[in-house]
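These notes are about the structure you will find just below.
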Amino acid sequence: MRTFNKKKIINDPVYGFINIANDLIFDIIEHSYFQRLRRIEQLGLSHLVYPSAVHSRFSHALGAMFLMSEAIQYLRQKGHNITDIESEAAQLAILMHDIGHGPFSHALEYSIVKNVSHEKLSLLFMESINIEFNGQLDMAIAIFKNEYPKHFLHQLVSSQLDVDRLDYLRRDSFFTGVSEGVIGTQRILKMLEVVDDKIVVEEKGIYSIENFLHSRRIMYWQVYLHKTVLVAEHLLMNILKRAKEVYKEGEKLYAAPALLYFLEEEADENLFKSDKLALENFSKLDDYDIMGAIKVWAQQSNDFVLKDLSNRLINRKLLKIEFSSQKFKESKIKQLKKEVMTMFGINNHEASYYVFSNHTSNYLYSQESGSIDILSKDNSIKDITKVSEQLNANKLKKPITKYFICYPKELKFI
């Protein structure tokens with residue numbers, strides 16, 4: 001009987017060839033929960049600005065797994081004892097770290113799924129798969145939850161300087177063409193060290209870390225929080241919220257069964273814990289379901305707001321967005337809503353789907369995610385803000401907040 005070879009090689013445009021180390025990793029990649037990530041774009045609606053940014057979370061997860069294997073290899077070369085089982089578990093933990101992402105990620109988290117982070121959903125998926133695999137993911141889950149004795153392995157999965165960030169910055173830079181996001185991934189990995197069960201960076205790697213932090217800031221404002229991406233994501237959120245509203249009012253909307261489930265249910269953390277159908281339906285949701293439904297709503301919905309908003313997103317006829325360093329005055333918001341009500345013949349509640357104000361913030365360096373510690377030649381360890389000559393500690397830790405307001409471009413009100 002022929003034995004199936006599971007030690008495949010994947011050709012990645014960012015790193016070259018990625019090896020699948022063993023049968024278990026291959027089997028997890030082949031699982032339907034993980035294969036779903038092929039159908040979820042890494043950057044959501046960013047392709048509306050950067051046409052080539054259509055890479056998937058599947059490729060990101062594989063890239064992060066590759067960087068994990070590289071990091072472990074370099075740490076082993078420095079004399080740190082990481083067993084083959086621990087290496088496998090760490091690779092599995094990072095491989096599945098994004099398995100809980102829904103279509104268009106955060107847009108879904110703030111519309112039809114309420115306050116359930118993708119990290120929580122990733123853990124639920126991992127625990128479900130672990131049952132199928134008779135506990136073979138126990139160590140990977142422990143690393144993911146930071147419950148494994150070697151805590152530095154969790155840092156490689158989730159921290160201020162983890163392989164997740166190292167991959168998505170380089171990968172997203174590659175596919176968007178934003179060269180400012182390029183970072184020295186291999187250089188950073190080679191500079192990692194473990195002291196007292198904690199990941200630190202050798203002093204000679206400080207310039208690479210400075211570049212990493214600056215690149216991350218640029219990528220956030222130029223890509224992840226680009227004004228067009230921001231308004232498109234909020235438009236998508238409003239479409240899904242409106243769909244949920246009109247569905248509950250009795251309109252029979254076209255949608256895949258998995259999407260209909262979430263239009264009907266109040267999907268919060270309790271639902272995912274109490275109803276097995278919640279996780280099962282979520283595992284079937286992808287970008288195709290959302291965009292397929294929106295395409296139909298744009299043509300067939302009986303609700304003016306849902307139909308119009310869907311058309312705007314499908315045809316990239318987005319709302320106008322304005323930024324400010326301060327909150328927008330209520331008088332301006334009310335005036336804009338009034339004009340929208342008159343223009344479209346809708347009520348104040350319906351106008352709120354067209355006119356809304358919010359804010360977005362970004363930390364260049366947030367110690368809530370842990371610090372980046374530099375190992376000096378005298379073996380002292382200091383936070384990078386106390387060592388770097390290029391990074392202003394006060395500016396580094398202070399969030400940059402931008403307020404914005406959105407409204408239809410057809411309005412003449414300024």
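The values are calculated or read from the model by the stated rules, or taken from the named source; none is laboratory data. What you see is a predicted model; the values in this text were computed from it and never measured. Methodologically, a virtual Cβ is constructed for each residue, glycine included, from the backbone with ideal geometry; neighbour enumeration extends over all protein chains shown.
Please go through the range 215-229 and give me each residue that is in contact (Cβ under 8 Å) with a residue 60 or more places away in the chain, assigned to a helix (DSSP H, G or I) and not hydrophobic (A, V, I, L, M, F, W, C), ordered by number.
Keep residues of the range 215-229 that are in contact (Cβ under 8 Å) with a residue 60 or more places away in the chain, which gives 216-217, 220-221, 223-229.
Checking which are assigned to a helix (DSSP H, G or I) leaves us with 216-217, 220-221, 223-224, 227-229.
Within the range 215-229, ARG216, ARG217, TYR220, TYR224, LYS227, THR228 meet the criteria.
Looking at the structure I just gave you, is ILE112 farther than 18 Å from GLU41 by Cα, of a type outside the set (D, E, K, R), assigned by TED's automatic domain parsing to the domain that holds SER159 and surrounded by fewer than 23 Cβ atoms within 10 Å (Cβ to Cβ)? Walk me through it before giving the result.
Details: farther than 18 Å from GLU41 by Cα: yes; of a type outside the set (D, E, K, R): yes; assigned by TED's automatic domain parsing to the domain that holds SER159: yes; surrounded by fewer than 23 Cβ atoms within 10 Å (Cβ to Cβ): no.
No: the conditions fail for ILE112.
In the range 183-198, what residues are over 16 Å from GLY370 (Cα atoms) and in a loop (DSSP other than H, G, I, E, B)?
Residues satisfying the conditions are ILE183, GLY184, MET191.
Of a type in the set (Phe, Trp, Tyr), in contact with a strand residue (DSSP E or B) (Cβ under 9 Å, 6 or more places away or on another chain) and surrounded by 18 or more Cβ atoms within 10 Å (Cβ to Cβ): which single residue out of PHE104, PHE125, PHE144, PHE58 fits that description?
PHE104
How about the range 247-265: which of its residues are in contact (Cβ under 8 Å) with a residue 40 or more places away in the chain and surrounded by fewer than 20 Cβ atoms within 10 Å (Cβ to Cβ)?
GLU251, LEU253, TYR254, LEU263
Scan the range 339-358 and report the pairs whose first residue is free of Cβ contacts under 8 Å to residues at least 12 places away in the same chain and closer than 17 Å to ARG242 by Cα and whose second residue is buried (at least 19 other Cβ atoms within 10 Å of the Cβ) and hydrophobic (A, V, I, L, M, F, W, C), with Cβ atoms within less than 9 Å and a gap of 6+ or a chain change.
If the second residue must be buried (at least 19 other Cβ atoms within 10 Å of the Cβ) and hydrophobic (A, V, I, L, M, F, W, C), the pairs left are MET341/ALA351.
So, in the range 38-75, of the ones that are part of a helix (DSSP H, G or I) and of a type in the set (D, E, K, R), which residue ends up nearest to MET291 (Cα to Cα)?
So in the range 38-75, the residues part of a helix (DSSP H, G or I) come out as 38-39, 44-48, 57-75.
Remaining after also requiring of a type in the set (D, E, K, R): 38-39, 57, 70.
Numbers: ARG38: 15, ARG39: 12, ARG57: 17, GLU70: 37 Å.
My answer is ARG39.
Among the residues of the range 8-56, which ones are of a type in the set (D, E, K, R) and either out of contact with any helix residue (DSSP H, G or I) (no Cβ under 7 Å at 6 or more places or on another chain) or modelled with pLDDT of 95 or more (or both)? Show your work before the answer.
At the first step, the residues of the range 8-56 found to be of a type in the set (D, E, K, R) are 8, 12, 23, 27, 30, 36, 38-39, 41.
Selection gives ASP12, ASP23, ASP27, GLU30, ARG36, ARG38, ARG39, GLU41.
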